[in-house]
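The values are calculated or read from the model by the stated rules, or taken from the named source; none is laboratory data. Because the structure is predicted, anything quoted here is derived from the model rather than measured. Counting neighbours? That spans all protein chains shown, and the Cβs are built from the backbone with ideal geometry, glycine included. SASA here: full protein model, heavy atoms, side chains in, ligands and nucleic acids out. Shrake-Rupley method; radii C 1.70, N 1.55, O 1.52, S 1.80 Å.
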Amino acid sequence: MTSRRQFIAGLAAWISGPAWARAANAGMRTDIQLAASWQSRNAYQTGVLARAASGEALTIYAAVDVPTRAHGLLLERDGTIITVARRPGNWLLRWTREGKPLAWHWIEPNRAFAGHVLASADGSTLYTTEINLETGSGMIGVRDAASLEKREEWPTRGIDPHQLVWDVTHPGSLIVANGGVPTRPETGRIKHNLDHMDSSLVRLDGRTGALLGQWQLEDSRLSLRHLAWNISVHNQPVLGIALQAEHNTTEQKSAAPVLALFDGEKLRTVSTPHTLAGYGGDIAMRGSSFVVSCPRVNSIEIFDVRGTWRGHVSLPEACALAPAAQSIVAGGRHQAIGLQMTDSDHANEMTIPAFRLDNHWIAI
Amino acid sequence: MPRLFLGMAMFVLTGAASAVEPGSTIMPIQMLYQNWSVPKASDFVRDGAGLKPALQAVCDVPQEKSGEALAQAKQQWLMALSSWEKLSAVSTGPLIERRSQRQIDFMPTRPRMIEAAIKSSPASLADLELIGTPAKGLPALEWLLWVSPIKPASAECRYAVLISEEIEREAQALSEAYSKAANKQAGEETAKAALSELVNQWVGGIEHLRWANMEMPVRVALTAKNKTEPVFPRRSGEAMSMLWSAEWDALRTLATGKGFSMESTLRSRGHNQLADVLASSTLNTDKAMQGLRIADQSRLLDAARELAALKRLVEDRVAPALGVTIGFSDADGD
């Protein structure tokens with residue numbers, strides 16, 4: 001049984017963050033720092049993983065306990081970090097890279113966070129993907145970055161909204177991935193009526209939320225979820241979209257593509273010479289390449305900007321991807337690798353702590 | 001349904017279970033419906049049916065005696081809530097198909113919609129169907145009993161009676177649906193899907209109890225800019241204590257209770273060591289869940305930690321041993 005003193009000490013740690021995390025690595029020189037989220041033996045946490053200069057291990061530099069599993073992360077202009085709960089979630093947390101929570105924000109009862117957050121160029125506004133729990137429809141929460149309070153809401157013209165990015169082909173517009181997977185508030189993440197999937201990519205006016213365009217794939221069982229722009233080719237930016245298949249049969253799922261490309265006008269899938277279990281967990285770009293993590297086949301798949309498959313690298317339960325230190329750092333089960341993306345696609349191996357890493361991490 | 005008959009049914013089914021081939025899921029799922037869902041739905045029919053006369057009594061008594069009638073109506077509402085929470089803590093089969101939670105337990109209720117609904121003077125269940133779920137169901141009744149209490153011979157009172165009729169109708173429909181499901185011969189694939197749904201919904205249920213109903217209100221209050229008290233989903237401390245107790249009772253019984261449970265299914269498949277771990281962890285959680293009150297935040301958070309540990313055990317070890325993939329668990333991506 002917890003004593004009153006222990007209870008108060010526990011609350012203080014939960015609110016202010018564990019002191020051990022800040023003190024343990026003070027003064028450490030690092031060449032890679034990643035904000036990430038994970039599940040340790042006894043807690044869900046978000047925090048910073050860092051590699052000591054020329055070291056071979058990513059270790060926990062800072063950690064903050066969070067109440068449910070986390071998902072998307074955002075590095076703000078002032079160096080603070082925002083972590084958002086995994087869908088259907090109800091919290092946002094702003095914290096420092098030393099592991100100090102600065103502000104918790106709880107969503108109103110009839111909304112749920114859908115996993116990702118984006119900032120305006122000047123950092124004054126945040127955009128969160130959300131779900132209207134009454135109707136199931138997708139929403140963008142437009143929030144004051146200082147207070148995290150919602151200023152207004154825009155419909156995403158779809159269901160199950162997930163990641164959102166600024167549209168480099170139409171400055172001032174947002175691109176939002178409507179995952180399209182029907183779920184119900186009373187049954188959480190359980191999927192229903194997959195015959196009625198309705199995934200789409202939408203372009204919204206970044207000032208008003210007005211719909212400026214909407215695109216769908218021919219195969220309605222492909223859920224558009226994670227987004228990354230590649231701007232390596234002058235005047236020809238391409239958006240890569242990691243896909244997750246929701247077909248009825250294992251065979252259909254297994255053969256499904258994991259990457260779609262959008263050039264600002266047309267949306268299409270690209271194929272690979274082998275099956276990838278129809279599940280792209282994260283996507284990143286480096287140079288003229290897209291990289292898609294495929295945890296269900298333990299690999300990282302590499303494509304060029306036109307969608308031509310270039311190769312793959314094995315990594316058990318590969319998922320989180322982030323451009324960092326002239327490479328793409330990919331996280332998996334107990335191991336991470338830094339893909340140099342040179343001609344030889346050389347990979348540097350790193351160990352990571354014995355926890356279950358979440359889908360995403362970002363370089364800070 | 002007479003309790004004696006249910007007791008006999010349980011005995012017969014428990015006896016029949018010994019004839020089930022190891023690893024088969026057909027009989028355990030039928031046992032679940034027979035031993036758990038059907039009687040719990042029947043309890044809800046009984047307690048839900050008690051709402052209408054209790055509310056009608058408030059409408060009919062003279063003003064000076066309305067306090068006593070209101071107190072009895074509140075008591076009946078708490079009984080109906082307890083039956084409902086036990087039945088719906090782990091939503092399976094008909095509860096999901098009928099979307100009953102949305103129909104009669106939509107939260108948060110909308111006071112403005114309730115006021116508008118009362119002004120529209122619905123006179124029948126058909127009229128009530130035109131009114132949105134946020135203005136109906138158990139949460140709306142709670143509002144009309146605790147926050148803005150109904151008065152005799154008022155439009156509010158008539159509206160409350162009508163809501164209770166709709167709850168009773170849904171309870172009856174659920175009971176019939178569960179009886180039908182319990183008597184339906186399921187093939188192996190259907191039974192596997194039902195077991196998967198049960199374990200998944202159990203995990204969802206324990207997480208809902210831990211987070212939405214216990215820990216989140218406390219955390220929200222602790223991290224508020226200005227000092228504030230936790231706001232729990234139900235409006236009275238008595239209702240919250242009843243909710244925690246009822247939901248935990250359902251989760252505990254489906255984890256390790258007599259008849260069908262995850263523990264008995266593990267043992268039938270030879271996973272005795274894991275079954276022992278599940279039983280021990282459930283017992284620890286049960287101790288932490290006893291006598292919770294909204295004023296004791298320290299104990300609430302202790303109990304929430306125990307619930308989280310039990311959930312992890314089921315996700316990480318029990319579900320794989322039962323051949324169940326947790327669809328909305330930590331192992332699933334996004």
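Could you list all residues from the stretch B:28-52 that are open to solvent by 30 Å² or more (accessible area, probe 1.4 Å) and closer than 15 Å to B:LEU254 by Cβ?
B:GLN34, B:LYS40
Would you be able to say whether some residue in the stretch B:224-234 is of a type in the set (Lys, Arg), within 12 Å of another protein chain (Cβ to nearest Cβ), assigned to a loop (DSSP other than H, G, I, E, B) and open to solvent by 20 Å² or more (accessible area, probe 1.4 Å)?
Within the stretch B:224-234, one or more residues are of a type in the set (Lys, Arg), within 12 Å of another protein chain (Cβ to nearest Cβ), assigned to a loop (DSSP other than H, G, I, E, B) and open to solvent by 20 Å² or more (accessible area, probe 1.4 Å).
Residues are listed down the side, and each one gets a yes or a no for (1) polar (S, T, N, Q); (2) assigned to a strand (DSSP E or B); (3) within 23 Å of A:ILE337 (Cα to Cα):
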{"site": "A:ASN42", "(1), (2), (3)": "yes, no, no"}
{"site": "A:LEU49", "(1), (2), (3)": "no, yes, yes"}
{"site": "A:GLY55", "(1), (2), (3)": "no, no, yes"}
{"site": "A:LEU58", "(1), (2), (3)": "no, yes, yes"}
{"site": "A:TYR61", "(1), (2), (3)": "no, yes, yes"}
{"site": "A:GLY72", "(1), (2), (3)": "no, yes, yes"}
{"site": "A:ASP78", "(1), (2), (3)": "no, no, no"}
{"site": "A:ILE82", "(1), (2), (3)": "no, yes, no"}
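Considering the stretch B:266-283 alone, what residues qualify as being among the polar types (S, T, N, Q), closer than 23 Å to B:ASP302 by Cα and in contact (Cβ under 8 Å) with a residue 24 or more places away in the chain?
B:SER281, B:THR282
Filter the stretch A:288-306 for residues that are open to solvent by 40 Å² or more (accessible area, probe 1.4 Å) and more than 10 Å from chain B (Cβ to nearest Cβ); which is nearest to A:ALA322 (Cα to Cα)?
Of everything passing the filter in the stretch A:288-306, A:SER288 is nearest to A:ALA322 (Cα to Cα).
Within the stretch A:146-173, can you find the residues that are surrounded by fewer than 22 Cβ atoms within 10 Å (Cβ to Cβ) and of a type in the set (A, V, I, L, M)?
The answer is A:ALA146, A:LEU148, A:VAL165, A:VAL168.
Of the residues A:ILE241, A:ILE231, only one is away from chain B (no Cβ under 14 Å), of a type in the set (Val, Ile, Thr) and open to solvent by less than 10 Å² (accessible area, probe 1.4 Å); which? Let's see the steps before the verdict.
Details: A:ILE231 fails: open to solvent by less than 10 Å² (accessible area, probe 1.4 Å).
Only one candidate qualifies: A:ILE241.
Can you tell me which residue among A:ALA277, A:ALA318, A:ALA354 is touching a residue at least 12 places away in the same chain (Cβ under 8 Å), assigned to a loop (DSSP other than H, G, I, E, B), surrounded by fewer than 18 Cβ atoms within 10 Å (Cβ to Cβ) and hydrophobic (A, V, I, L, M, F, W, C)?
Numbers: A:ALA277 fails: surrounded by fewer than 18 Cβ atoms within 10 Å (Cβ to Cβ); A:ALA318 fails: surrounded by fewer than 18 Cβ atoms within 10 Å (Cβ to Cβ).
Residue meeting the stated conditions: A:ALA354.
Residues that are away from every other protein chain (no Cβ under 11 Å) and open to solvent by 10 Å² or more (accessible area, probe 1.4 Å): find the helices (runs of 4 or more DSSP H) completely inside the stretch B:86-127 holding 3 or more of those.
B:111-119
Run B:PRO320 past the list (1) under 30 Å from B:ALA191 (Cβ atoms); (2) touching a helix residue (DSSP H, G or I) at 6+ places or on another chain (Cβ under 8 Å) and report the number of the one that doesn't hold.
The one condition B:PRO320 does not meet is (2).
This table checks each residue for (1) under 18 Å from B:VAL199 (Cα atoms); (2) open to solvent by less than 30 Å² (accessible area, probe 1.4 Å).
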{"site": "B:PHE260", "(1), (2)": "yes, yes"}
{"site": "B:LEU266", "(1), (2)": "yes, yes"}
{"site": "B:HIS271", "(1), (2)": "yes, no"}
{"site": "B:SER281", "(1), (2)": "yes, yes"}
{"site": "B:GLN290", "(1), (2)": "no, no"}
{"site": "B:ASP296", "(1), (2)": "no, no"}
{"site": "B:ARG305", "(1), (2)": "no, no"}
{"site": "B:ALA309", "(1), (2)": "yes, no"}
{"site": "B:ALA321", "(1), (2)": "yes, yes"}
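Test of understanding: among B:ALA239, B:ALA295, which residue is in contact with a helix residue (DSSP H, G or I) (Cβ under 8 Å, 6 or more places away or on another chain), in a helix (DSSP H, G or I) and of a type in the set (Gly, Ala, Ser)?
Testing whether each residue is in contact with a helix residue (DSSP H, G or I) (Cβ under 8 Å, 6 or more places away or on another chain), in a helix (DSSP H, G or I) and of a type in the set (Gly, Ala, Ser) leaves just B:ALA239.
Among the numbered criteria (1) crowded, with 21+ Cβ neighbours inside 10 Å; (2) outside any strand (DSSP E or B); (3) more than 11 Å from chain B (Cβ to nearest Cβ), which single criterion is violated by A:LEU126?
(2)
Under the condition of being surrounded by fewer than 20 Cβ atoms within 10 Å (Cβ to Cβ) and closer than 21 Å to A:PRO323 by Cβ, which residue from the stretch A:79-117 is farthest from the other protein chains (Cβ to nearest Cβ)?
A:GLY79
Yes/no per residue for (1) surrounded by fewer than 15 Cβ atoms within 10 Å (Cβ to Cβ); (2) modelled with pLDDT of 90 or more; (3) more than 14 Å from chain A (Cβ to nearest Cβ); (4) in contact with a Leu (Cβ under 7 Å, 6 or more places away or on another chain):
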| position | (1), (2), (3), (4) |
| --- | --- |
| B:ALA182 | no, no, yes, no |
| B:GLU188 | yes, no, yes, no |
| B:LEU198 | no, no, no, yes |
| B:VAL203 | no, yes, no, no |
| B:SER245 | no, yes, yes, no |
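Take the stretch A:129-145 and flag every residue that is surrounded by fewer than 20 Cβ atoms within 10 Å (Cβ to Cβ) and under 18 Å from A:ARG184 (Cβ atoms).
A:ASN132, A:GLU134, A:THR135, A:GLY136, A:SER137 - these are the residues of the stretch A:129-145 that are surrounded by fewer than 20 Cβ atoms within 10 Å (Cβ to Cβ) and under 18 Å from A:ARG184 (Cβ atoms).
For the stretch A:246-263, which positions are under 19 Å from the mean Cα position of the chain (by Cα) and among the small types (Gly, Ala, Ser)?
Across the stretch A:246-263, the qualifying residue is only A:ALA260.
Just need a number here: residues in the stretch A:211-228 that are open to solvent by less than 40 Å² (accessible area, probe 1.4 Å) and either among the hydroxyl-bearing types (Ser, Thr, Tyr) or away from chain B (no Cβ under 14 Å) (or both).
6
Given the criteria modelled with pLDDT under 90 and either under 16 Å from the mean Cα position of the chain (by Cα) or open to solvent by 30 Å² or more (accessible area, probe 1.4 Å) (or both), does B:ALA19 qualify? Even if it seems obvious, please write down each step before you answer.
Working: modelled with pLDDT under 90: yes; either under 16 Å from the mean Cα position of the chain (by Cα) or open to solvent by 30 Å² or more (accessible area, probe 1.4 Å) (or both): yes.
Judged against the criteria, B:ALA19 is a match.
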